[in-house]
Structures are given as structure tokens and as C-alpha cells.
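The values are calculated or read from the model by the stated rules, or taken from the named source; none is laboratory data. Since we're looking at a predicted model, the values are computed, not measured. Neighbour counts are summed over all protein chains in view; Cβ atoms, including those assigned to glycine, are modelled from backbone coordinates with ideal geometry. These area figures cover heavy atoms from the full protein model, side chains too; ligands, DNA and RNA do not enter into them. Shrake-Rupley method; radii C 1.70, N 1.55, O 1.52, S 1.80 Å.
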Amino acid sequence: MSERFQLTVVRRVRLREDLKPGKVYWNSGDPVPDWLVITHITSQKGYESFNLQFLKLTPGICTSVCEPRRACVVRTSEMSYETLRIAKAQAHADVGVEYVEWEPCHIEITETDGGIDWGRALPMAEPAGST
């Protein structure tokens, strides 16, 4: 039986236009990401890491079944760190995300079958005219 991992998004930030994540060595730069999240990854055998992960909203049909009105999201790249503090410091150094910009959250994105639903990591878009 293979080891199962649990992914929980603990911080997220929508990337400002002035940030240049394409210049980050661990990001391919294409497509340009919309969000950066920090995911706490754990396993039943005690593995633990905090991963910086770039996410991109994708138009059109998803590669998997998306819930209605949920954005289709793909992970474009990631880098793993030992602690949350190191991950936040690297996001600041590599990307330019300020510490105060992070939105704290606790969002489980692991499906019961072990798959990952990246769409859960981001806030749902407000329906048009909902203000």
C-alpha cells in the first residue's frame, strides 16, 4: 500500500501585478500564475513539509470535474521547505510577497481517493451582481 499524503492550504495570496514570479528559478514562468499558496503536507508515516505552490486559474473545461461556479485551477510549480516560517521567508525573498499580504486559512484539498482539488484552495468568485 502506498503512503497517503494530506494537503492543507495554510496561507494564500493573490499575486500583485508588480510581482515577477516568472523570474523565480523554481517556476517555469509559463503560464504566469495568479496565486501563491503555502500547503502543509503530512503523511501517516510522519513526513511533513510546507510547500510554496503557484496556482493558475484556467478558462474553459477542466481536466477533472469541477463544481459549478468553482474556478478550474492548476498548480504550475512548487518548492518544498521544512517550516512555515522558511516558506514565508522564501516567498518574500523569491517573489516579493510581503508578510502582511498572506491570508491565513486552513483548507483541506485532499480528496478521499487521494487526489488533489486545487479549486478548493482559492476563494470562490462572487457571482455577478452579488454586492
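Flag not set for Thr63, criterion: polar (S, T, N, Q), at pLDDT 95 or above and exposed (fewer than 15 other Cβ atoms within 10 Å of the Cβ).
Annotation note: of Arg69, Arg12, the sole residue that is assigned to a loop (DSSP other than H, G, I, E, B), under 16 Å from Pro123 (Cβ atoms) and either open to solvent by 70 Å² or more (accessible area, probe 1.4 Å) or at pLDDT 95 or above (or both) is Arg69.
To keep it simple, each residue is scored yes or no on (1) modelled with pLDDT of 90 or more; (2) open to solvent by 60 Å² or more (accessible area, probe 1.4 Å); (3) farther than 22 Å from Leu7 by Cα; (4) part of a loop (DSSP other than H, G, I, E, B).
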position	(1), (2), (3), (4)
Glu78	yes, yes, no, no
Lys88	yes, no, no, no
Ala93	yes, yes, yes, no
Gly96	yes, no, yes, yes
Val100	yes, yes, yes, no
Pro104	yes, yes, no, no
Gly114	no, no, no, yes
Ala128	no, yes, yes, yes
Thr131	no, yes, yes, yes
